[in-house]
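The structure appears below as structure tokens.
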Amino acid sequence: MPSLKDSARVVKQLETLEYRVLKVFVSSIKHHEIINNHNILSYSNLHKDRVEYALENLLKLKLIFKTEKGFKLLTAGLDVFALKLLVESGIIIGIGNSLGIGKESDVVEAISEIHQRRAVKFFRIGRISFTDTKRKRSLEKNKNVNNWLLINIEAAKREYDFLIKLKSTKMNIATPYFRSMHSIVMDRINGLRLIEIRNLHNPKEIFYKVFEQIRLAYNENIINGDLSEYNILLDENNDILIIDWPQAVTLDHPNAEFLIRRDLHNVIRYFRRKFDLSIDEDLYYNSLVKK
């Protein structure tokens, strides 16, 4: 799959005609994973020759794929469309180096129109094995389970909505600015994940800070649902930030108790194992959920 830098270069060379046809693919994701020539002609309201010209160029750019039944939008095509929306909306003027590549997302640095540093997160659910993804997200309940592009768009929307709500609290969290399809633009955070840190001057103090962030979210009716040393950052001010909220749930979720207990267990297990802290898990759970 082309890199996001490759996609950014394509945005600059994409003609209006090609973008118009690409928009047909994106607009049809929810109802058509594969779209045929007839539908493209109908939805674009363009002459057949112009559509064929655009399709040929989109194929060359590897933004779409041709099948026996028609054409399919590729991740690179959705990347290009999302980036073009961000540029046209004045949210960013360009992207830079990679800030991280995970199992379910790619994060790159970006610059805003007023030259502020941003981070853009592109969801990549489906890059890992289908079995593991189903286990983690219960995607088998989703009627669009095979349409990974739509699943990534929905995941981005879900996380963005939670980030907006969390930002209104006292939590330390990256400011979300904009969502474009399967991407979210937010503050660029300087910090290290706990998993990357060898030594802490005062690990007990850091644990308290992590718990305080969990408590603030819980008081706002939100549970991260996938918390561990991999998505907890320690910044240059020794403050804790929890990143990655696409699996977050509210307290009325049927598995809320299990998920908050698991989040706490994961964090406490890390501090016990890494720094030999003695932490009473039940004590912290009870102090969290007491009314």
Practice problem: Could you list, in sequence order, all residues of region 210-219 that are surrounded by 17 or more Cβ atoms within 10 Å (Cβ to Cβ) and not polar (S, T, N, Q)? | Solution: VAL210, PHE211, ILE214, LEU216, ALA217, TYR218
Exercise. Please go through region 171-208 and pick out each residue that is more than 29 Å from ILE111 (Cβ to Cβ) and either surrounded by fewer than 16 Cβ atoms within 10 Å (Cβ to Cβ) or at pLDDT below 95 (or both).
Key: ARG198, ASN199, LEU200, HIS201, ASN202, LYS204, GLU205, TYR208
Quiz item: Among the residues of region 39-57, is any of a type in the set (Lys, Arg) and either outside any loop (DSSP other than H, G, I, E, B) or touching a helix residue (DSSP H, G or I) at 6+ places or on another chain (Cβ under 6 Å) (or both)?
Solution: yes
Quiz item: Pairs under 8 Å by beta carbon, first residue hydroxyl-bearing (Ser, Thr, Tyr) in region 235-255, partner part of a loop (DSSP other than H, G, I, E, B) and surrounded by fewer than 21 Cβ atoms within 10 Å (Cβ to Cβ), six or more apart or different chains?
Solution: THR250/ASN221
Quiz item: Considering GLU56, GLU104, GLU88, GLU33, which residue is at pLDDT 95 or above and either of a type in the set (D, E, K, R) or closer than 26 Å to ALA155 by Cβ (or both)?
Solution: GLU56
Quiz item: Out of the residues in region 168-212 that are charged (D, E, K, R) and outside any loop (DSSP other than H, G, I, E, B), which is nearest to LEU227 (Cα to Cα)?
Solution: ARG193
Quiz item: Counting just the residues of region 97-116 that are touching a strand residue (DSSP E or B) at 6+ places or on another chain (Cβ under 9 Å) and not in a strand (DSSP E or B), which one comes out surrounded by the fewest Cβ atoms within 10 Å (Cβ to Cβ)?
Solution: GLN116
Practice problem: Output the residues belonging to region 60-93 that are free of Cβ contacts under 8 Å to residues at least 12 places away in the same chain and either of a type in the set (Gly, Ala, Ser) or assigned by TED's automatic domain parsing to the domain that holds LYS30 (or both). | Solution: LYS60, PHE65, LYS66, GLU68
Practice problem: Of all residues in region 213-253, count the ones that are more than 22 Å from ILE125 (Cβ to Cβ) and in a loop (DSSP other than H, G, I, E, B). | Solution: 8
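The values are calculated or read from the model by the stated rules, or taken from the named source; none is laboratory data. Note that this is a predicted model, so its numbers are computed, not measured. In this analysis, Cβ positions are derived from the backbone assuming ideal geometry, glycine residues included, and neighbour counts consider all displayed protein chains.
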